[in-house]
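The values are calculated or read from the model by the stated rules, or taken from the named source; none is laboratory data. Remember, predicted model here, so these are calculated numbers, not experimental data. Neighbour counts are summed over all protein chains in view; Cβ atoms, including those assigned to glycine, are modelled from backbone coordinates with ideal geometry.
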Amino acid sequence: MILHVNHLQKGLSAPASALVAALLTLVEDGRVDGRLLAALRVHLDWIQYRENFREPVCVRRATDAAGRPLSLAELAVDLRRADPATWATTLAAALGAMAPFAEPPAGDVEIQPFAPLRESVIWRFNDLFWQRVGDWEASTGRGFEQALPTGRSDANDGGAVADSVADFWTLLADLDKRAQLPPEIFALEIGVGSGTRAATWLDTSTSGLSPISMGNSVPSLRLAKSSCPTPIRRMTGAAV
């Protein structure tokens with residue numbers, strides 16, 4: 001079994017330890033086939049949004065091209081919402097669903113057949129949100145960042161963006177010293193969002209040209225943003 005700790009929230013070491021102990025107890029008691037553990041990946045998550053579509057404990061199965069289940073499986077646990085008091089039964093049911101030819105758990109609703117993520121319902125839903133985010137903000141009376149648990153997006157933190165820009169220009173300076181600096185640099189920010197980070201990154205990049213000493217001329221910088229509902233504004237000293 002491989003354990004993935006996908007969060008750095010404080011105070012969750014105790015429930016995480018209890019979960020591993022509960023899994024091993026199920027094996028020792030003979031309630032779960034120990035052979036399942038060899039192909040099991042357990043993900044300990046802390047989902048940012050308390051209200052979300054995911055079950056606190058859910059099973060993800062690998063399948064072949066025909067949709068038949070393979071031995072590889074994942075058990076994802078949201079430690080923020082999962083109840084340790086029910087793990088004995090919840091984990092047993094989840095692991096039981098991983099057994100060969102196991103029927104889907106009662107009550108589950110399949111919203112679509114297996115498909116690549118880009119063709120999934122949630123992908124289209126997410127894409128629609130960002131296309132109409134202005135309407136959503138007008139309806140709710142607040143910006144989408146204000147709806148986040150912290151009221152802001154860490155992705156747009158000025159310090160984090162400045163660190164990213166500094167690393168970028170350090171890399172360019174190093175390429176210049178090796179006479180490997182191309183005349184044109186293309187940067188692509190991948191992911192959904194309003195484009196705020198991309199615009200801030202470009203602002204910071206162009207304003208940070210002077211501290212970087214380059215023997216050759218400064219390259220042209222072209223920045224693109226995928227899934228951006230609004231165009232990123234043009235900046236002096238760079239092309240978008």
Filtering the range 173-201 down to residues that are over 20 Å from the mean Cα position of the chain (by Cα), on the phi < 0 side of the Ramachandran plot and surrounded by fewer than 17 Cβ atoms within 10 Å (Cβ to Cβ) yields ALA173, ASP174, LEU175, LYS177, ARG178, GLN180, PRO182, PRO183, GLU184, PHE186, ALA187
The condition from (1) part of a helix (DSSP H, G or I); (2) without any contact (Cβ under 8 Å) to a residue 12 or more places away in the chain; (3) over 22 Å from ILE47 (Cα atoms) that ALA162 misses is numbered (2)
Looking at the range 83-91, is at least one residue in contact (Cβ under 8 Å) with a residue 12 or more places away in the chain, in contact with a helix residue (DSSP H, G or I) (Cβ under 6 Å, 6 or more places away or on another chain) and under 24 Å from TRP123 (Cα atoms)?
no
LEU79 passes all but one of the listed conditions (1) surrounded by 12 or more Cβ atoms within 10 Å (Cβ to Cβ); (2) hydrophobic (A, V, I, L, M, F, W, C); (3) in contact (Cβ under 8 Å) with a residue 24 or more places away in the chain; (4) farther than 23 Å from ALA14 by Cβ; the exception is number (4)
Reported set for the range 109-127 where residues are farther than 22 Å from ALA66 by Cβ and of a type in the set (A, V, I, L, M, F, W, C) is VAL109, ILE122, TRP123, PHE125
Does the range 22-40 contain any residue that is within 30 Å of GLU145 (Cβ to Cβ), crowded, with 17+ Cβ neighbours inside 10 Å and not basic (Lys, Arg)?
no
The correct count of residues that are surrounded by 14 or more Cβ atoms within 10 Å (Cβ to Cβ) and either of a type in the set (A, V, I, L, M) or on the phi > 0 side of the Ramachandran plot (or both) in the range 4-17 is 3
In the set ARG197, ARG152, ARG142, the lone residue that is within 25 Å of ARG50 (Cβ to Cβ), modelled with pLDDT of 80 or more and part of a loop (DSSP other than H, G, I, E, B) is ARG142
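Per-residue answers, yes or no, for (1) among the basic types (Lys, Arg); (2) touching a residue at least 24 places away in the same chain (Cβ under 8 Å); (3) within 28 Å of ARG152 (Cα to Cα):
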position: LEU19; (1), (2), (3): no, yes, no
position: LEU23; (1), (2), (3): no, yes, no
position: GLU28; (1), (2), (3): no, no, no
position: LEU36; (1), (2), (3): no, yes, no
position: LEU40; (1), (2), (3): no, yes, no
position: ILE47; (1), (2), (3): no, yes, yes
position: ARG50; (1), (2), (3): yes, yes, yes
position: ARG60; (1), (2), (3): yes, no, no
position: ALA66; (1), (2), (3): no, no, no
Exactly one of ALA93, ALA99 is closer than 23 Å to ILE2 by Cβ, over 19 Å from the mean Cα position of the chain (by Cα) and modelled with pLDDT under 80, and that residue is ALA99
Report whether or not LEU117 is touching a Phe, Trp or Tyr at 6+ places or on another chain (Cβ under 7 Å) and either loosely packed, with under 14 Cβ neighbours inside 10 Å or aromatic (Phe, Trp, Tyr) (or both). yes
